[in-house]
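Contents: one structure, followed by commentary.
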Amino acid sequence: MKIRSNQVIRFLTPSGMRGVQAVYGANVTNEFARHMHTKFCIGVVQQGARIFSQAGMSVVVPENAMFVINPGIAHAFKSQSNEGHSYLVICVDSEKVRHLASQISEKAQPVPYIRHVLLLDAELVSQVRQFFSLLRQADSILKRGTILTSMLAELILRYGDMPPILRHVGSQRNAIERVCEYIREHFNRTLSLEELAGVACLSPFHFHRLFVKNTGMSPHEYVIQIRIDRARELLLKGNSIAEVSTDVGFVDQSHFTRFFKRVVGIAPGRFVGLHKQPF
C-alpha cells in the first residue's frame, strides 16, 4: 500500500504517569493487521474515520467519536478512506484500570471489560483531548492525573460490563482540610494527585470527588488559586513579574500571566500599574 508522505505517528510517555502511554496519529493510511494489546487503548478520531474489525464484526468510528479496545482482544483496523485519518489514543496498563475499579467500590475488582468499541460520549471525548493538550506542559501533572482518573472512572461506570458499585465514604472534611493546608505549604512545587490523596489517606478517585464536593474546585484549580493569591502579595511588595512567576511555581512567565489573568481578570503588569495609581 502506498503511504502518504505526510503521515505521522508519535508515541509519548507522559512525565510522572507510570503505566500510561499516549499515541498521536495524523493522516494515517496504514492498514494494521490483526493484533492485540496488553493495555486498554482509549482513543478519539480527530479527522476522517477508522474501521475496526473484531470478533467477526466491523465497526466504523467516525470523526469526534471515541473507541475502546480491551486488553487481550484481537482486532485489526484501517482508515475508511485513502485520505487517511487522524487520532489520539491513551494506552493504560490493565492493572492500573483494575486498581481504579477497586478504588471506586473499595473492594477488589477484576479487570473491567468495556462493552462497546464505539462510544458516542462528548464528555469523555473532551477529556481525552484535554489530556493531550497538557502533555507538553511540565507543570500539568496534577491536572493530567485528575483528568485521566475522571475519564477512566466514568468509562468504567458508564460502559463497563459489570461496573463496580460506587461506595459512599462521607464528606471527609477534616481530611480535605488537611490537604488544603498541605497545598498552602507546598503550592510552589509540582504536586500529583497521588501525593495529595496520600495526605488525605484516601484513594485518588475518592479524594478528587470529595475535594471538589468540599471546596467547589478541583485540586489543580485550588493550587492555581493559592499561587495567584501569593503572587499578588509578592507583586505588591515590588517583586518583578519574572521573579514572582518562578517563586510561586509556574514554569515560565507566559504561563503565569495566562493564569493570573484568568483568576484576577487583568494581566500582572496592569495589576501592578493600577495599584501604583493614587486614589
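Bear in mind these aren't lab numbers, they're just calculated from the coordinates by the rules spelled out. Quantities reported herein were computed from a predicted structural model and do not represent experimental measurements. When we count neighbours, we look across all protein chains shown, and the Cβ atoms used for this are built from the backbone with ideal geometry, even at glycine.
Descriptive notes on the structure:
- Segment 50-61 - phi-based ³J(HN,Hα) in whole Hz, Karplus 6.51/-1.76/1.60, Gly and Pro as x: 10, 10, 9, 10, 8, 6, x, 10, 10, 10, 9, 9
- For the chain, the equivalent ellipsoid derived from the alpha-carbon gyration tensor has semi-axes of 39, 25, 14 Å in decreasing order.
- Mean shadow area of segment 8-152, taken as a quarter of the surface of its Cα convex hull (nm²): 8.5
- Degrees separating the helix 219-236 axis from the principal Cα axis of the chain, which is the longest one: 30
- Selected from 105, 183, 66, residue furthest toward positive end of dipole (the chain; charges at beta carbon): 66
- Total charge dipole magnitude, segment 1-117, about the Cα centre, Cβ charges on Lys, Arg, Asp, Glu only, Debye to nearest 20: 140
- Each Cα pair under 8 Å and six or more residues apart adds its separation to the average, and for segment 1-151 the resulting relative contact order is 25 percent.
- Whole-number D in µm² s⁻¹ for segment 166-213, Kirkwood Cα-pair radius fed into Stokes-Einstein, 37 °C, 0.692 mPa s: 303
- The chain: angle of helix 94-105 to the longest principal axis, Cα-based, in degrees nearest 10: 60
- Size check on segment 137-279: the Cα extents along the three principal axes, sorted descending, read 64, 29, 26 Å.
- The C-alpha atoms of the chain define a longest principal axis, and helix 122-133 lies at about 70 degrees to it.
- A simple spin-label model places pseudo-atoms 7 Å from Cα toward Cβ; at residue 262 and residue 95 they are separated by 3.4 nm.
- Around the Cα centre of the chain, unit charges on the Cβ atoms of Lys, Arg, Asp and Glu (plus for the first two, minus for the last two) sum to a dipole of about 260 debye.
- Length gained when the stretch residue 188-residue 37 is fully extended (0.36 nm per residue, less Cα-Cα span): 50.5 nm
- HN-Hα J in Hz across segment 253-262 - Karplus 6.51, -1.76, 1.60, θ = phi - 60°, x for Gly and Pro: 5, 5, 5, 4, 4, 5, 6, 4, 5, 5
- Cubic angstrom per residue, convex hull over Cα atoms of segment 222-276: 63
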